[in-house]
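The values are calculated or read from the model by the stated rules, or taken from the named source; none is laboratory data. The structure displayed is predicted, hence computed values, not measured ones. Virtual Cβ from ideal backbone geometry, glycine too; neighbours counted across all protein chains shown. The protein model used for the area step is the full one, side chains on, heavy atoms only, and it has no ligands, DNA or RNA in it. Shrake-Rupley method; radii C 1.70, N 1.55, O 1.52, S 1.80 Å.
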Amino acid sequence: MRPKFIAGNWKMYTSLGSAKDLAAAVAAGVAAAPGVTVAVCPPFPWLNPVHGALAGSPVLLGGQNCHYENEGAFTGEVAPVMLKEAGCDLVILGHSERRHGMGETNDVLNKKVKAALVAGLKVIFCIGELLAEREGNATEAILDKQLTAGLAGLTAAQMANVVLAYEPVWAIGTGKVATPDQAQAAHAFIRGKIKSQFDAATADAIVIQYGGSVKADNAATLLHLPDVDGALVGGASLKADSFLAIVKAGVR
Ligand code: PEP
């Protein structure tokens, strides 16, 4: 049985104080959700203090992005090995705010995924279609392309350290959540694509999170769909109560 995995993407929110408080509250609350894997992904400057606030807890720490090189003249960028040294367990790559806001292409993301895995980080690799693409019946073609290119050259063994997050772009931060039928259909398509790109065992084992306006009141329905193995949570991860309610909704 695949474990449920709930990750909070704090984006460019929180102060140092609120980040430490939020991390401590999440760390204290996860005991009430046995069997659910939990991660928080603060802004870069808070990684080290949040790492301290999580000490002794099972909550994983993640970065929200990284470069594909481990050092160099890349002003403003952060290397995978730096995230690892700062205490990160994982990194989010391919978030729509980076694909569409920062122009990150599938090819660049493929380099980032490979570099992060080599550095010893797990990867939450985000994919998802724009509203116009869904309305144009192109959802599966877009997901297929993002997976083909983004995961090109990876081995099945490396895929053990990759989590996928299906995040329909029209559902992120909009309050418009995918219906259970839409989410399940996309997740089943993604699992089938992983089977053809890798193998059946990889497809069966891979954790596929749903992301897009997950809240305490819709989490239980989404999290218990057959091919939904967790959630990547933005807005609702910024308050301990709402995030922990989503985490608890993942308990079987
Ligand atoms: C996200 O940032 O990945 C996300 C899903 O945001 P929200 O939950 O706010 O829609």
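With the requirement that a residue be open to solvent by less than 60 Å² (accessible area, probe 1.4 Å) and either among the aromatic types (Phe, Trp, Tyr) or out of contact with any helix residue (DSSP H, G or I) (no Cβ under 8 Å at 6 or more places or on another chain) (or both), what does segment 31-44 give you?
Within segment 31-44, THR37, ALA39, CYS41 qualify.
Do we find that ALA28 is part of a helix (DSSP H, G or I), open to solvent by 70 Å² or more (accessible area, probe 1.4 Å) and more than 18 Å from LEU90 (Cβ to Cβ) in this structure?
So ALA28 fits the description; yes.
Which pairs do you get when a residue that is in a strand (DSSP E or B), found in segment 150-165, comes within reach of a residue that is open to solvent by 20 Å² or more (accessible area, probe 1.4 Å), reach meaning Cβ atoms under 8 angstrom, with the pair 6+ apart or on two chains?
Taking only residues 6 or more apart or on different chains, the pairs are VAL162/LEU117; VAL162/LYS122; VAL163/LYS122.
Could you please let me know if ALA79 is within 23 Å of ALA19 (Cβ to Cβ) and open to solvent by 10 Å² or more (accessible area, probe 1.4 Å)?
No.
So that you can scan it fast, the table gives a plain yes or no per residue for (1) at pLDDT below 95; (2) open to solvent by 30 Å² or more (accessible area, probe 1.4 Å); (3) part of a loop (DSSP other than H, G, I, E, B); (4) on the phi < 0 side of the Ramachandran plot:
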site	(1), (2), (3), (4)
ARG98	no, yes, no, yes
MET102	no, yes, yes, yes
LEU109	no, no, no, yes
LYS112	no, no, no, yes
ALA116	no, no, no, yes
ILE124	no, no, no, yes
ASN137	no, yes, yes, no
ILE142	no, yes, no, yes
LYS145	no, yes, no, yes
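Looking at segment 166-185, which of the residues that are more than 10 Å from the ligand (Cβ to nearest atom) and in a loop (DSSP other than H, G, I, E, B) is nearest to the chain's Cα centre (by Cα)?
Only one residue tops the list, namely ALA178.
Just to verify a result, which residue in segment 201-239, among those that are more than 8 Å from the ligand (Cβ to nearest atom) and of a type in the set (Val, Ile, Thr), is most open to solvent (accessible area, probe 1.4 Å)?
By that ranking, first place goes to THR221.
Name the single residue that is nearest to the chain's Cα centre (by Cα) among those in segment 1-25 being part of a loop (DSSP other than H, G, I, E, B) and among the charged types (D, E, K, R).
Here the answer is LYS11.
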